[in-house]
Amino acid sequence: MSFQKAADLLRLAELATARYAGVSLTDIEEEFGIDRRTAQRMTKALEQMFPNCTTQIDDERRKFWKLRADHARLMLAQGIRDSELAALELAIRRAEREGAVTDVRALSGLRDRLLSAMPGPHARRAEADAEAMLEAHGFASRPGPQVQVAGNIMGAIAESLKGPHVLSIVYAGGRDPDRERRLEPHGLLLGTRRYLVAREAGGDGRMQHYRLDRITAARIEADSFARDPAFDLGTHAARAFGSYHTDAEYGEVIWRFSPTAAHTAREFLFHPSQVMTEEPDGGLTIRFTASGHLEMAWHLYMWGDAVEVLAPVALREMVARHRRGDFPALP
């Protein structure tokens, strides 16, 4: 089956699920701009690919093909197309500009339900694809300072991750900056600083981090490798507040936000493991487990004196002299 035919079949399955009575041959002809014989072949393929597809004939002797809702969940699990999610985002922005509050609320709810029905990795990829599409159309931008990474290096890293293929790099951040390293990439950490997570080919299997802006050369090798099946990038990333990891700092973190800052703090996801506790005076306490005190300090500075570090002591001492109360706004 060609790609286009497969895409058309998935679209037909969507229609057969979304429409209460199902789809008829006439509906298929109009939707895809095809003749009756081609529409009949599509219904045959639908019945073969979806064994639970049902048919019914109405009072006018028209035949309809229908899929149950559980097939809709299956199709959602396959992912929302980036163009579809981008179209929703564009519609939401147009409604916002026109002051159509009800439409904004309805479209935003539809987008959120679609994403919530998808597995986590698929939803994150769909959101990322939609953001890229909005950027390309000039509806989104990424303000603020960014570390520059050469396009050819990012391209080599992306291809090696897709393979997966061994990646040879020259790394200026190591003790031996001229040595070429053969790596087995397992993912990227995209924070204030961006890191490649990889283990050395033929090494001890330990995952290490390589700052992308310090990779001066990268080359994809012909040989592939087997990814570590026990490695999960999300679990690995959660060991840090940002993108910097260190076992020496890993431990419980407790921040207390003042009553004036609590409302804003509730809107943040500081860390995937965070637990929020409402305080009697209206304040908010956040607890999570991670490392990376320096990146925590950078973030805490934006809150001025509206946040207090209760633990760990090392972080508390790091920010003690930099808390200030003259910022005109919260993050």
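The values are calculated or read from the model by the stated rules, or taken from the named source; none is laboratory data. Note that this is a predicted model, so its numbers are computed, not measured. Backbone-built Cβ (ideal geometry, glycine too); neighbour counts: all protein chains shown.
Restricting the stretch 11-24 to residues that are loosely packed, with under 14 Cβ neighbours inside 10 Å and aliphatic (A, V, I, L, M), which is farthest from K66 (Cα to Cα)? Only one residue tops the list, namely A18. None of L315, L330, L269 is more than 25 Å from the chain's Cα centre (by Cα), assigned to a loop (DSSP other than H, G, I, E, B) and of a type in the set (A, V, I, L, M, F, W, C) except L330. The residues in the stretch 54-70 that are surrounded by 10 or more Cβ atoms within 10 Å (Cβ to Cβ) and assigned to a loop (DSSP other than H, G, I, E, B) can be counted, and the count is 4. I254 meets the conditions (1) assigned by TED's automatic domain parsing to the domain that holds H299; (2) crowded, with 18+ Cβ neighbours inside 10 Å in every case but one. The failed one is (2).
Inspect the stretch 270-283 for any residue being modelled with pLDDT of 90 or more, touching a Phe, Trp or Tyr at 6+ places or on another chain (Cβ under 6 Å), under 21 Å from L188 (Cβ atoms) and not small (G, A, S) and give the result as yes or no. For the stretch 270-283, residues modelled with pLDDT of 90 or more, touching a Phe, Trp or Tyr at 6+ places or on another chain (Cβ under 6 Å), under 21 Å from L188 (Cβ atoms) and not small (G, A, S): present.
If you check every pair at least six apart or on different chains, which have Cβ atoms under 8 Å apart with a residue in the stretch 25-53 that is surrounded by 17 or more Cβ atoms within 10 Å (Cβ to Cβ) first and a residue that is in a helix (DSSP H, G or I) and of a type in the set (D, E) second? Final answer for the pair search is A39/E29; M42/D8; C53/E47. Consider the stretch 6-29 and keep the residues that are modelled with pLDDT of 90 or more and not aliphatic (A, V, I, L, M). The one that is farthest from I57 (Cα to Cα) is E29.
Out of R206, R182, R193, R175, I need the residue that is among the basic types (K, R), crowded, with 16+ Cβ neighbours inside 10 Å and within 29 Å of H293 (Cβ to Cβ). Which one?
So the residue among R206, R182, R193, R175 that is among the basic types (K, R), crowded, with 16+ Cβ neighbours inside 10 Å and within 29 Å of H293 (Cβ to Cβ) is R193.
The residue that is nearest to the chain's Cα centre (by Cα), among those in the stretch 219-251 that are exposed (fewer than 13 other Cβ atoms within 10 Å of the Cβ), in contact (Cβ under 8 Å) with a residue 24 or more places away in the chain and part of a helix (DSSP H, G or I), is G234.
Annotation note: of T216, T289, T264, the sole residue that is among the β-branched types (V, I, T) and part of a helix (DSSP H, G or I) is T264.
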